[in-house]
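Notes to accompany the following structure.
The values are calculated or read from the model by the stated rules, or taken from the named source; none is laboratory data. For clarity, every value in this text was computed on a predicted model and none was experimentally measured. All Cβ positions, even for glycine, are placed from backbone atoms using ideal geometry, and neighbour counts span all protein chains on display.
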Amino acid sequence: MRSLSTSPAARLLLAVAIPTFTLLLQWTLWPLVSPYVWFLFYPATYVAALLTGLGCGIVATLLSALYVGYFFIPPQWSFALERPTDVFSIAVFLFTGVAFSVVSARTRKLAEGRAVEATLRESEVRYRSIFENSLDGVLLTTPDGGILAANRRAQEMLGYGEAELRALGRAAVGGLHAARGVHPGLCR
């Protein structure tokens, strides 16, 4: 899963816009949702974390807590907290919002890792297909002359199976070109 935008400024703007929109919406719906001060802010912080990533998700969580503390927790229009349950509800909300952000970031990293693995597997399949189906004989060798792999055409040209070619090594295969009519360039 990718962030909505790769621009940090755009993600930060979105992280501020989501709680601000939620504030306006909850203010409009307050007669219907009162006294549930966190009613719309939990889903808002989840969406913000999902769309903007870890840091901006935490910014959205903090901003949401400030909005709720000032506009919806009594006494309204004040940061004063009269009841211990209000402090507890803010702490639970902050913990949950940060957890949303962390889980979202980890999920995004896992998804990106899976995408890289899938691309790597596709590349391996393409490479293997080219190697195996080449009309030219191809030997994969190490710098010290060991043979790692030989495609079917190389095996046909040299008259040995892949295991035998691995056992012989590149130096021994080099002498085969004259006997088998193989171009010397194959055995360099």
Test each condition in (1) surrounded by 14 or more Cβ atoms within 10 Å (Cβ to Cβ); (2) within 21 Å of residue 14 (Cα to Cα) for residue 107 and report the one that comes out false.
(1)
Residue pairs qualifying under the 6 Å Cβ cut-off, at least six apart or on distinct chains, with the first in the stretch 83-101 being closer than 10 Å to residue 58 by Cβ and the second being of a type in the set (A, V, I, L, M), are 94/65; 98/58; 100/49; 101/49; 101/54; 101/58
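Taking residue 137, is it touching a helix residue (DSSP H, G or I) at 6+ places or on another chain (Cβ under 8 Å), crowded, with 16+ Cβ neighbours inside 10 Å and not charged (D, E, K, R)? Full working, then the answer.
Numbers: touching a helix residue (DSSP H, G or I) at 6+ places or on another chain (Cβ under 8 Å): yes; crowded, with 16+ Cβ neighbours inside 10 Å: yes; not charged (D, E, K, R): yes.
Here the answer is yes, as residue 137 does meet what is asked.
Could you list all residues from the stretch 60-75 that are among the aromatic types (Phe, Trp, Tyr) and over 11 Å from residue 38 (Cβ atoms)?
The initial filter retains those residues of the stretch 60-75 that are among the aromatic types (Phe, Trp, Tyr), namely 67, 70-72.
If the condition is that a residue be among the aromatic types (Phe, Trp, Tyr) and over 11 Å from residue 38 (Cβ atoms), then 70, 71 are the ones that fit.
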Test: residue 119 is of a type in the set (S, T, N, Q) and in the same structural domain as residue 35 (by TED's automatic domain parsing):
yes
In the stretch 5-63, how many residues are without any contact (Cβ under 8 Å) to a residue 12 or more places away in the chain, farther than 22 Å from residue 111 by Cβ and under 28 Å from the mean Cα position of the chain (by Cα)?
3
Within the stretch 107-138, the residues that are within 19 Å of residue 157 (Cα to Cα) and not small (Gly, Ala, Ser) are 130, 131, 132, 133, 135, 136, 138
